[in-house]
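Visitor: Submitted below is the structure of interest, expressed as structure tokens.
The values are calculated or read from the model by the stated rules, or taken from the named source; none is laboratory data. Not measured: the values here are computed from a predicted model. Cβ sites come from the backbone with ideal geometry, for glycine too, and all protein chains shown count toward neighbours.
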Amino acid sequence: MQKRLGLILVMVLLVGLIVSPVYAAAPRIGLIFAEGGLGDQSFNDAAYRGLMQAKEELGVEVIYVEPADIAEMEEHQRAYADLGLDLVIVIGFIHKSALEEVSVDYPNINFAIVDDTVENPNVTSLVFAEHEGSFLVGVLAGLMTETNTVGFVGGMEVPLIRKFEVGFVEGAKYANPDVEVLVNYAGAFDDPGRGRELAVSQNERGADIVYHAAGGTGSGVIDAAAANGFYAIGVDSDQDHMAPGTVLTSMVKGVDMAVFEVIKAVADGTLEGGVWSFGIVDGGVGTSEFNYTKDLIPQSVFDAIEDAKAKIISGEIVVSNPLQ
Amino acid sequence: MQNRTRAIRWQEMVTPLVAVILALAIGAGFILFVGENPLAAYKILFVESFGSLRNLATTLQRATPLMFTGMAVAFGYRAGLFNIGAEGQLYIGAFAAAWVGFTFTGLPRLIHLPLAIVGGMLGGALWGSIPGYLKAKLGVHEVINTIMLNFVALYLTDWLATGPFHGGSWVPETARIKATAALTRLYPPTRLSTGLFLALLAALAVYLVLWKTKQGYELRAVGLNPHAAEYGGINVAKNTILAMAISGALAGLAGTEQILGLHNRFIVRFSADLGFMGIAVALLGKNHPFGVILAAILFGALQTGSAAMDRLTAVPRELITIIQALIIFFVAAEYLIRRILRMKEGA
């Protein structure tokens with residue numbers, strides 16, 4: 001009898017040894033998208049890529065949800081927190097107000113927010129130097145324009161998107177002091193029709209290159225550029241493939257990288273919260289690979305972009321940041 | 001006579017029920033079509049909306065604003081007016097309630113909360129009475145006016161909440177209301193609030209006004225036949241304005257409840273078509289306040305269940321939107337259902 005018990009005990013222990021690391025090694029991650037949702041080929045899709053990369057490479061369990069509207073953000077945050085997930089990632093500043101409350105109500109749940117900061121110990125804030133990346137595409141636009149007029153289409157007129165605008169304007173003027181920059185805001189991140197309208201109107205006013213920082217709204221900007229024969233510059237994800245030859249480049253923002261990194265920290269057990277900044281140096285922001293437009297752009301322009309990049313890193317160029 | 005009324009009542013209940021069942025059946029076909037199991041999907045839908053006290057609370061929370069907007073549309077309909085402007089009246093009411101909520105400080109709750117509620121009601125009533133006045137005095141059709149005023153309300157509150165009353169965060173929203181203006185949460189951490197009781201009270205009030213008062217009789221008479229009502233000595237213009245004001249006040253209360261009970265601040269475009277959903281709710285609820293309550297709970301459940309479905313499974317929530325649309329379709333196609341049931345008026 002004693003022997004049997006011992007045997008059973010050993011077996012139980014063995015099974016436990018085999019099973020337990022499996023459980024311990026599979027953190028559960030929940031991700032809540034911003035408005036616009038999946039398929040924007042921009043901001044949200046970048047977050048999705050990071051999530052899927054983490055699923056494949058780190059073996060984490062993932063669930064995600066696309067909120068139908070801004071009023072739903074808090075409900076989803078609470079629901080994921082209730083599930084006791086190891087990390088709840090929320091995409092976009094639009095989540096901030098709700099997260100400020102929810103993260104206090106659930107002090108034992110780890111949260112991460114992309115694009116804004118929430119100063120609670122259980123929140124990791126993932127922010128980017130969008131103004132610096134936008135400066136680089138501003139330099140490109142300033143040198144490539146033939147009409148000395150370029151355009152900027154923003155999503156909502158909030159400080160975050162102003163950051164893109166200011167960087168773009170400064171970059172364009174740095175490269176070409178005579179350039180005029182037309183600026184319009186669509187008022188939404190999920191309205192491609194409005195994006196198309198604004199881009200066409202800017203083109204009619206002389207802009208031959210239009211940069212958008214408008215998420216899903218921006219796909220309308222790119223469509224308009226392709227249909228009317230002017231250039232567009234994409235944002236967040238590499239959007240060059242959306243209209244090859246029309247999208248000069250994209251101001252790629254490493255949302256995927258940030259999402260992956262924060263999940264990795266959870267998987268490694270090293271997550272400590274705080275603010276994580278991603279900039280030009282670490283590849284957090286920058287230009288795309290120019291896969292379709294290499295032959296369109298003179299080498300001198302590439303040199304100017306590289307030069308500006310080096311000067312921003314060295315501190316010789318300081319791009320204004322409307323948030324500071 | 002008694003039997004006849006009873007038969008009609010019964011029939012009025014049957015059409016929405018059949019519509020819901022038909023919509024679910026066809027929805028099952030769609031779910032099969034996208035390669036999911038309809039029974040499993042409906043089970044999640046049901047469990048996540050009614051399966052626990054907590055889920056039930058979320059369902060009721062989502063149903064509350066629809067009760068108000070549904071009643072707003074139903075009230076207008078009873079007076080012969082098609083109020084498509086509930087969305088706009090909701091925004092104006094919501095902003096007014098939020099404004100009262102964050103502007104006044106140091107008031108006791110007993111004064112502050114009712115003040116904010118009345119503020120929201122008045123905001124909606126004012127916005128609703130504009131098309132009422134235009135219809136009564138100038139004969140401008142209320143459908144055009146209410147639709148157009150939706151845009152005015154939307155952009156006006158956009159501007160107010162991002163301009164003069166912006167709260168300072170990046171989110172386009174106002175400052176938070178004071179705690180003294182907030183409705184009480186009934187079952188935390190869900191966000192169901194005492195706004196639900198307000199909605200039930202409003203339903204009772206609407207019922208009493210419409211069917212138990214002289215004023216209500218006048219309103220309904222105008223709705224049934226304005227010319228006959230006028231001939232009978234009823235002031236049609238006055239009743240038109242009044243009906244739109246009350247309808248607007250109910251829509252304003254929907255916004256008020258959302259701000260004081262749920263968001264505790266005015267968020268730009270928070271409504272997500274609650275006002276337009278109200279049209280569907282009124283239709284399904286047969287333009288009766290008690291029917292509206294039931295219809296709102298059904299729609300609240302569908303929304304709660306579909307949000308959870310989206311959160312937990314791969315079944316796209318658009319499927320639930322299709323089912324909602326089908327329900328409305330079948331209620332609107334009442335004649336079709338009657339034919340199916342071989343029911344004749346009064347049989």
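Visitor: Just to verify a result, which residue in the range B:233-262, among those that are in contact with an Asp or Glu (Cβ under 9 Å, 6 or more places away or on another chain) and without any contact (Cβ under 8 Å) to a residue 24 or more places away in the chain, is nearest to B:Gly124 (Cα to Cα)?
Guide: Among those that are in contact with an Asp or Glu (Cβ under 9 Å, 6 or more places away or on another chain) and without any contact (Cβ under 8 Å) to a residue 24 or more places away in the chain, it is B:Asn235.
Visitor: Pick from A:Glu130, A:Glu72: which is closer than 23 Å to A:Ala265 by Cβ, within 14 Å of chain B (Cβ to nearest Cβ) and crowded, with 18+ Cβ neighbours inside 10 Å?
Guide: A:Glu130
Visitor: On the given criteria, is A:Leu51 under 16 Å from B:Asp310 (Cβ atoms) and more than 8 Å from chain B (Cβ to nearest Cβ)?
Guide: Here the answer is yes, as A:Leu51 does meet what is asked.
Visitor: Which one of B:Ala282, B:Ala332, B:Ala325 is assigned by TED's automatic domain parsing to the domain that holds B:Leu115 and of a type in the set (A, V, I, L, M)?
Guide: B:Ala282
Visitor: Do any helices (runs of 4 or more DSSP H) entirely within the range A:186-289 hold 3 or more residues that are in the same structural domain as A:Leu85 (by TED's automatic domain parsing) and surrounded by fewer than 20 Cβ atoms within 10 Å (Cβ to Cβ), and if so, which?
Guide: Because the criterion is at least 3 residues that are in the same structural domain as A:Leu85 (by TED's automatic domain parsing) and surrounded by fewer than 20 Cβ atoms within 10 Å (Cβ to Cβ), the helices (runs of 4 or more DSSP H) in the range A:186-289 that meet it are A:255-268.
Visitor: Looking at the range A:146-162, which of the residues that are buried (at least 24 other Cβ atoms within 10 Å of the Cβ) and modelled with pLDDT of 95 or more is nearest to the other protein chains (Cβ to nearest Cβ)?
Guide: A:Gly154
Visitor: Check the range A:107-127 and report whether any residue there is assigned to a helix (DSSP H, G or I) and outside the structural domain of A:Gly155 (by TED's automatic domain parsing).
Guide: Looking for residues that are assigned to a helix (DSSP H, G or I) and outside the structural domain of A:Gly155 (by TED's automatic domain parsing), one finds none in the range A:107-127, hence no.
Visitor: Moving to a separate point now. For the condition under 23 Å from B:Thr304 (Cβ atoms) and at pLDDT below 90, what is the one hit in B:Val34, B:Val14?
Guide: Matching residue, one of B:Val34, B:Val14: B:Val34.
Visitor: Also: Going through B:Gly88, B:Gly119, B:Gly123, B:Gly80 one at a time, which residue ends up being in contact (Cβ under 8 Å) with a residue 24 or more places away in the chain and on the phi > 0 side of the Ramachandran plot?
Guide: Going through B:Gly88, B:Gly119, B:Gly123, B:Gly80 in turn, the sole match is B:Gly80.
Visitor: Right, next: Give the number of residues within the range A:27-48 that are within 12 Å of chain B (Cβ to nearest Cβ), more than 29 Å from A:Thr249 (Cβ to Cβ) and touching a residue at least 60 places away in the same chain (Cβ under 8 Å).
Guide: So the count comes out to 1.
Visitor: Hey, could you check the range B:266-285 for residues that are small (Gly, Ala, Ser) and within 14 Å of another protein chain (Cβ to nearest Cβ) and say which is surrounded by the fewest Cβ atoms within 10 Å (Cβ to Cβ)?
Guide: Only one residue fits best here, namely B:Ala272.
Visitor: Check B:Phe329, B:Phe276, B:Phe270 and return the single one that is at pLDDT 85 or above, within 25 Å of B:Thr146 (Cβ to Cβ) and not in a helix (DSSP H, G or I).
Guide: Within the list B:Phe329, B:Phe276, B:Phe270, the selection yields B:Phe270.
Visitor: Considering only the range A:141-164, I want to know if a residue exists there that is over 19 Å from A:Tyr231 (Cα atoms), in a helix (DSSP H, G or I) and in contact with a strand residue (DSSP E or B) (Cβ under 8 Å, 6 or more places away or on another chain).
Guide: Yes - at least one qualifying residue is present in the range A:141-164.
Visitor: Among the residues in the range B:84-97, are any farther than 18 Å from B:Phe290 by Cβ and either outside any helix (DSSP H, G or I) or modelled with pLDDT under 95 (or both)?
Guide: Scanning the range B:84-97 turns up at least one residue that is farther than 18 Å from B:Phe290 by Cβ and either outside any helix (DSSP H, G or I) or modelled with pLDDT under 95 (or both).
Visitor: Residues being among the small types (Gly, Ala, Ser) and closer than 28 Å to A:Thr246 by Cα: count how many of those fall in the range A:262-312.
Guide: Matching residues across the range A:262-312 total 9.
Visitor: To continue, here is another question. For the condition assigned to a helix (DSSP H, G or I), more than 10 Å from chain B (Cβ to nearest Cβ) and under 30 Å from A:Lys311 (Cα atoms), what is the one hit in A:Val137, A:Val104?
Guide: It is A:Val137.
Visitor: Could you tell me whether the range B:237-244 includes any residue that is buried (at least 21 other Cβ atoms within 10 Å of the Cβ) and of a type in the set (D, E, K, R)?
Guide: no
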